[in-house]
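Inspection log for the structure reproduced underneath, given as structure tokens.
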Amino acid sequence: MKQLMELSPWVSGVQWLFFMFTNTVVIPITIGAAFSLPQESIVTLMQYSFIVTGIACVIQAASGHKRAIMEGQSGLWWGVILSLAAIAPAQGIPIETVGGSLVVGIIMSGILTLIIGIVGAGPLISKLFNSNVMGVFMFLFGCQILGIFLQGMLGIPFGNQTSETEVAIDLPISLLSIIIVLIVIIISAKAPAKYRPYGLLIGILIGWLAYNLLFSAEATVTNITGFQFDIFILGAPDFHWGIILTAVVTGLLNLANTFGSLKGTEPLYNIDTTKSDYRRSFSITGTTTTIAGVIGLVPYAPYVSSIGFLSQTRILQTLPFMLAGVMFVSVGAVPLFASIFATIPLSVGSAVLFVAYLQLFLSAFGFFKQIDYTSTNVYRTAIPVFTGVIIMTMPGTYFSSLPELWQPLLSNGLLVGLILAIVLEMVIPWDRERES
């Protein structure tokens with residue numbers, strides 16, 4: 001209690017609050033655009049996102065892995081959901097079926113993650129995610145999610161587009177997006193160290209203001225006076241087994257985030273991750289993912305990007321992090337705040353996050369450096385990376401000749417590449433990786 005009376009934990013907590021905000025605020029906006037949700041539903045998703053994220057962070061820091069690692073809506077899940085919303089309609093799957101089947105798949109994957117945590121299977125599964133698999137994951141995830149952000153930056157709408165819909169690059173919006181990208185890069189790379197953590201936030205504020213001054217904003221602040229409780233926002237439960245299978249596989253591959261974040265923070269905290277740490281962390285992530293499926297949120301995972309924030313700010317204590325979680329819940333509980341944040345232009349949010357996720361290249365390169373490549377073992381990386389990237393460039397209609405069950409999974413380059421990487425590591429005795 002004495003620490004709560006000091007200024008330092010609260011100042012550090014505000015920094016964590018900005019980090020949580022910038023990594024969360026755009027997610028419900030993009031999901032709402034992809035599924036053509038009304039503004040009221042986007043506001044509700046925004047409130048849910050802030051509240052559940054804040055609670056999840058506090059619980060993980062207090063009784064989970066007990067480190068200051070943001071527990072947020074998973075970027076892997078986010079990319080897969082947006083990809084399904086864009087590709088599935090081209091395969092003849094209605095957007096309502098996509099949302100309803102995702103609800104079922106997310107709940108199933110949440111329960112499976114919870115079971116993995118309870119039985120303590122985390123350390124065993126971690127052996128599948130070696131340096132090569134993690135490098136492939138980081139690289140392909142960057143390609144997929146940055147492609148989505150670039151689409152938003154260029155003013156190209158998300159979600160289902162009919163053949164009659166005229167889709168083209170919006171030049172004025174694209175120019176503003178490029179300027180925002182340059183501003184955020186300059187702040188993040190050249191500004192004094194104490195200002196760099198705020199680069200994303202500054203980019204959002206400048207871009208938001210500039211967009212409203214230059215363009216006639218269509219979105220208005222929704223008049224909501226109380227907390228709106230709703231479930232199955234993405235759609236009532238449905239059973240397209242191809243999408244459900246894709247969701248379950250995504251949930252299993254999403255475990256890589258927990259391994260990456262916990263292993264990545266070991267040097268910072270000077271500790272080794274124990275079986276109990278994995279058990280508690282997976283149990284909490286499984287519970288929040290199950291809840292996310294019911295209320296329509298992108299499922300959860302520890303954020304690997306927290307490592308960079310911790311390394312830069314050195315705010316390793318859990319108290320400021322937990323204070324930020326409580327403040328985040330408070331912001332989500334106020335309908336006016338959620339209504340205002342829901343009007344952030346999609347192009348502005350996409351431009352800011354485009355810069356943030358460029359760091360994935362550094363993460364991927366760091367994993368690849370741990371491998372002694374030769375003309376023989378280069379296939380362990382080249383096959384999954386090139387296959388995944390090529391699939392990403394193919395229209396969804398190309399996969400319509402495949403069995404309906406497998407279309408959503410096999411048309412996702414990220415998932416195919418990651419599965420290939422795991423299978424190749426399991427069946428072929430490649431050269432030993434050198435010590436990093």
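The values are calculated or read from the model by the stated rules, or taken from the named source; none is laboratory data. Here the structure is a predicted model, which is why all the values come from computation and not from measurement. No Cβ is skipped: glycine too gets one built from the backbone with ideal geometry, and neighbour counts run over all protein chains shown. Surface areas here come from the heavy atoms of the whole protein model, side chains and all, with no ligands, DNA or RNA. Shrake-Rupley method; radii C 1.70, N 1.55, O 1.52, S 1.80 Å.
Restricting region 332-343 to residues that are surrounded by fewer than 21 Cβ atoms within 10 Å (Cβ to Cβ) and aliphatic (A, V, I, L, M) leaves a set whose member that is modelled with the highest pLDDT is ALA333. Restricting region 344-362 to residues that are within 19 Å of ALA256 (Cβ to Cβ) and not aliphatic (A, V, I, L, M) leaves a set whose member that is least open to solvent (accessible area, probe 1.4 Å) is TYR357.
Under the condition of being over 27 Å from ALA324 (Cβ atoms) and either open to solvent by less than 30 Å² (accessible area, probe 1.4 Å) or aromatic (Phe, Trp, Tyr) (or both), the residues counted in region 38-81 number 1. Residues of region 297-329 that are in contact with a Leu (Cβ under 8 Å, 6 or more places away or on another chain) and not in a helix (DSSP H, G or I): LEU297, ALA301, PRO302, LEU316. A residue that is in a helix (DSSP H, G or I), surrounded by fewer than 24 Cβ atoms within 10 Å (Cβ to Cβ) and in contact with a strand residue (DSSP E or B) (Cβ under 9 Å, 6 or more places away or on another chain) occurs nowhere in region 5-14. Considering only region 414-434, I want to know if a residue exists there that is surrounded by 14 or more Cβ atoms within 10 Å (Cβ to Cβ), in a loop (DSSP other than H, G, I, E, B) and of a type in the set (Asp, Glu). Yes, there is a match, as at least one residue in region 414-434 is surrounded by 14 or more Cβ atoms within 10 Å (Cβ to Cβ), in a loop (DSSP other than H, G, I, E, B) and of a type in the set (Asp, Glu). Within region 243-292, the residues that satisfy the criterion of being more than 17 Å from ILE111 (Cβ to Cβ), outside any helix (DSSP H, G or I) and in contact with a helix residue (DSSP H, G or I) (Cβ under 8 Å, 6 or more places away or on another chain) are THR265, ASP272, THR273. When THR274, THR290 are screened for being touching a residue at least 12 places away in the same chain (Cβ under 8 Å) and not basic (Lys, Arg), only THR290 passes.
For region 293-307, the criterion of being polar (S, T, N, Q), touching a residue at least 40 places away in the same chain (Cβ under 8 Å) and over 27 Å from SER12 (Cβ atoms) is satisfied by no residue at all.
Looking across region 274-304, the residues that are under 13 Å from the mean Cα position of the chain (by Cα) and farther than 22 Å from LEU84 by Cα come down to PRO302, TYR303, VAL304. Keeping to region 363-391, report how many residues are in a helix (DSSP H, G or I) and open to solvent by 60 Å² or more (accessible area, probe 1.4 Å). Looking only at that region, the number is 5. Looking only at region 57-107, residues that are of a type in the set (D, E, K, R), outside any helix (DSSP H, G or I) and over 30 Å from LEU310 (Cα atoms) come to 0 in all. Taken together, the residues in region 133-151 that are crowded, with 23+ Cβ neighbours inside 10 Å and polar (S, T, N, Q) amount to 1. For region 185-195, the condition of being in contact (Cβ under 8 Å) with a residue 40 or more places away in the chain, outside any helix (DSSP H, G or I) and under 17 Å from LEU353 (Cβ atoms) holds for none of the residues.
Among residues belonging to region 265-317 that are touching a Ser or Thr at 6+ places or on another chain (Cβ under 8 Å) and among the aromatic types (Phe, Trp, Tyr), point out the one that is farthest from VAL103 (Cα to Cα). My answer is TYR278. Filtering region 188-213 down to residues that are closer than 16 Å to PHE21 by Cβ and among the hydrophobic types (A, V, I, L, M, F, W, C), which residue is most open to solvent (accessible area, probe 1.4 Å)? That would be LEU205. Look at (1) modelled with pLDDT under 85; (2) out of contact with any Ser or Thr (no Cβ under 9 Å at 6 or more places or on another chain); (3) surrounded by fewer than 20 Cβ atoms within 10 Å (Cβ to Cβ) and you find that ASN223 fails only one, number (2).
Residues in region 129-178 that are modelled with pLDDT of 85 or more and on the phi > 0 side of the Ramachandran plot: GLY155 only.
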